[in-house]
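Read through the structure below, which is laid out as structure tokens, and then see the notes.
A short reminder: the numbers here are calculations on the coordinates, not readings from a lab. All values derive from a computational prediction rather than experimental measurement. Virtual Cβ from ideal backbone geometry, glycine too; neighbours counted across all protein chains shown.
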Amino acid sequence: MATLYITIKQASKILGVSPLTLRNWDKNGKMKAHRHPMNNYRVYKIEDLEKVIHEIETNAGGLRRSTKDQVKKLIIKHLED
């Protein structure tokens, strides 16, 4: 199965943080961004987002169900493209 990537905008929406926060996390090593080979934009692996969501759930006692659903919808949308 191919690795699935999403844009910084999609990742920030799912995690409920700004794109600037994701850039800072990348800079500080909290959440690694990858680079799109054609335009060098930041992209994020869906599996990395799932890890962060799991970490948030573990430390904060649970995430909204809608956030998990958004990740699933992005995976399905990516597979359909």
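Less than 11 Å Cβ to Cβ from residue 12, Lys/Arg counted +1 and Asp/Glu -1: what total charge do the surrounding residues give?
My count for the surroundings of residue 12 gives +4.
Could you rank the peptides 19-25, 32-38 by their average count of other C-beta atoms within 10 Å per residue, with the highest value first?
19-25, 32-38
Efficiency by 1/(1 + (r/R0)^6): what FRET value for residue 2 and residue 55, r their Cβ-Cβ distance, R0 = 25 Å, to the nearest 0.05?
0.55
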